[in-house]
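Right, one structure below, let's go through it.
No value in this document is a laboratory result; all are computed from the given coordinates. Note that the structure is a prediction, hence the values are computed from the model and not measured. Cβ placement follows ideal geometry from the backbone for every residue including glycine, while neighbour counts extend to all protein chains displayed.
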Amino acid sequence: MSETKNLTYGVVLEAAKEGKLIAREGWNGKGMFVFMRPGDELQIDMIVNKVKSLPDAFKKYVDQVMDDNHNPGEKGLGKIKFTAYLCMKATDGSIVNGWLASQTDMLSNDWCILEY
């Protein structure tokens with residue numbers, strides 16, 4: 001693994017948008033880093049029948065409401081756009097979806113880009 005060090009948050013945020021892993025040297029946890037989950041579009045049929053990470057209430061809403069009025073075409077064949085968001089790989093190996101940088105994170109100059 002190699003690192004590009006002593007960067008600002010603005011620089012590493014652009015790197016994350018390009019698919020790179022970013023981290024702060026000042027973080028206490030070992031092996032922590034941030035990455036961006038890119039946005040995508042999923043067909044309603046896939047959301048209702050195959051996606052495990054969404055609650056049933058949302059799936060029911062999508063199946064019953066998101067039809068020709070919201071997504072042209074046959075009911076269930078439209079698409080829903082999911083926007084990009086930042087995730088953090090935590091020290092316990094879990095992934096934290098929707099990670100937000102603190103003011104300290106954003107103003108620090110100890111960011112690095114991790115290269116594997």
Exercise. Output the qualifying pairs, or none if there are none: Cβ atoms under 6 angstrom, residues six or more apart or on different chains, first residue in segment 33-54 and over 16 Å from residue 81 (Cβ atoms), second residue part of a strand (DSSP E or B) and not aliphatic (A, V, I, L, M).
Key: 33/89; 35/87
Quiz item: Considering only segment 15-49, how many residues are among the charged types (D, E, K, R) and surrounded by 14 or more Cβ atoms within 10 Å (Cβ to Cβ)?
Solution: 4
Quiz item: So, of the residues in segment 81-116 that are more than 16 Å from the chain's Cα centre (by Cα) and crowded, with 16+ Cβ neighbours inside 10 Å, which turns out to be farthest from residue 37 (Cα to Cα)?
Solution: 108
Quiz item: Does segment 102-116 hold any residues that are over 12 Å from residue 23 (Cβ atoms) and touching a helix residue (DSSP H, G or I) at 6+ places or on another chain (Cβ under 9 Å), and which are they?
Solution: 106, 107, 109
